[in-house]
Amino acid sequence: MTTPLRLVAGLGNPGREYAATRHNAGFWWVDQLAAEMGGRWAAEGKFSGQVAKVRGPHGDLWLLKPDTFMNRSGQAVGALARFYKIAPAEVLVVHDELDLPPGTARLKLGGGHGGHNGLKDIDAQIGREYWRLRLGIGHPGDRDKVTGFVLDRPTCAEEDGIELAMRRALDVWPDMARGDFEKAMMQLHTAAP
């Protein structure tokens with residue numbers, strides 16, 4: 001049994017000063033998806049974010065970039081999901097992942113937030129049983145340097161890796177959209193880094 005997606009939320013921080021930072025990898029991916037699907041972003045105050053409505057394989061698909069800062073991402077995701085009666089299993093959250101190297105993308109259903117404040121807030125709003133697309137950004141090697149690291153620009157080599165991972169994830173998008181996550185994971189998780 002597959003459950004098609006109805007909401008894809010890319011996580012990041014709003015504002016020009018954050019646009020090119022590692023923490024905005026989720027925004028980058030959902031921007032590329034919107035461009036490929038012909039979506040146009042519009043500010044939606046009731047959802048605290050930028051929203052694009054596109055046609056998915058089984059009806060309307062909502063793309064979302066919260067205008068809240070990362071630690072309040074759940075406010076936007078929860079509002080849109082509740083309004084359109086979207087179940088957690090129909091939600092894909094795209095985010096940066098410290099525990100994966102650049103060039104790596106992984107899908108999973110549910111699980112912990114791993115200290116990611118955006119996921120922590122979404123968990124509080126809709127529960128934990130939603131899909132996550134984790135885009136590797138690497139780790140600075142020291143826990144005390146994480147905040148500065150995620151709020152800084154990636155190096156050229158890291159950016160190339162992140163772009164490659166995003167492309168691979170976009171290549172399996174049709175499977176994800178249909179809810180065939182097993183097929184998407186098989187392709188994505190076995191792709192050469």
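The values are calculated or read from the model by the stated rules, or taken from the named source; none is laboratory data. Model, not experiment: these values are computed from the prediction. Every residue, glycine as well, gets a Cβ built from its backbone with ideal geometry; the counts of neighbours run over all protein chains shown. For the accessible areas, the whole protein counts, side chains as well, though only heavy atoms, and no ligand, DNA or RNA atoms are used. Shrake-Rupley method; radii C 1.70, N 1.55, O 1.52, S 1.80 Å.
Only protein atoms count toward the accessible area here, which uses a 1.4 Å probe; on the chain, the carbon and sulfur part of that area reaches 50 percent. With the charge dipole of region 104-193 set up from +1 on Lys and Arg Cβ and -1 on Asp and Glu Cβ about the Cα centre, the Cα lying farthest toward the positive end among the listed residues LEU109, VAL146, VAL172 is that of LEU109. Report, in whole Å, the centroid distance computed from the Cα atoms of region 1-49 and region 130-193. With region 1-49 and region 130-193 each reduced to a Cα centre, they are spaced 15 Å. With both bridge residues required to lie in the chain, what share of the DSSP beta bridges run antiparallel, to the nearest 5%? Bridges in the chain that DSSP calls antiparallel: roughly 55 percent. For region 43-163, the solvent-accessible area with a 1.4 angstrom probe is 47 square angstrom per residue.
Report the Stokes-Einstein translational diffusion coefficient (µm² s⁻¹, integer) for the chain, Rh taken as the Kirkwood radius over Cα pairs, at 37 °C with viscosity 0.692 mPa s.
Values: Rh = 16.3 Å.
Value of D from the Cα-based Kirkwood radius: 202 µm²/s.
Charge tally around GLY12: other residues with Cβ under 9 Å, Lys/Arg +1 each, Asp/Glu -1 each, net 0.
With K and R counted +1 and D and E -1, the other residues having a Cβ less than 14 Å from that of GLY38 yield a net charge of 0. Pair-distance distribution of region 119-165: all C-alpha pairs, bin width 5 Å, starting at 0; shares per bin in whole percent are 5, 17, 18, 18, 19, 17, 5, 1. Name the most mobile residue of GLU159, GLU17, GLU90, meaning the one with the largest mean-square fluctuation, in a Gaussian network model of the chain with Cα contacts below 10 Å. Taking springs between Cα atoms under 10 Å, the residue moving most is GLU17.
Less than 5 angstrom separates the built amide H of ASP152 from those of ARG22, HIS23, all sequence-distant by 5 or more or on a different chain. Farthest toward the positive end of the dipole of the chain, out of ALA184, ALA157, GLN125, is the Cα of GLN125, where the dipole comes from beta carbon charges about the Cα centre. The residues packed around TRP173, meaning those with a beta-carbon under 13 Å from its beta-carbon, carry a net charge of 0 if Lys and Arg are +1 and Asp and Glu are -1.
For the chain, what relative contact order do you get, as a whole percent, if you take Cα pairs closer than 8 Å and at least 6 residues apart?
Numbers: 405 pairs, mean separation 50.5, N = 193.
Relative contact order comes out at 26 percent.
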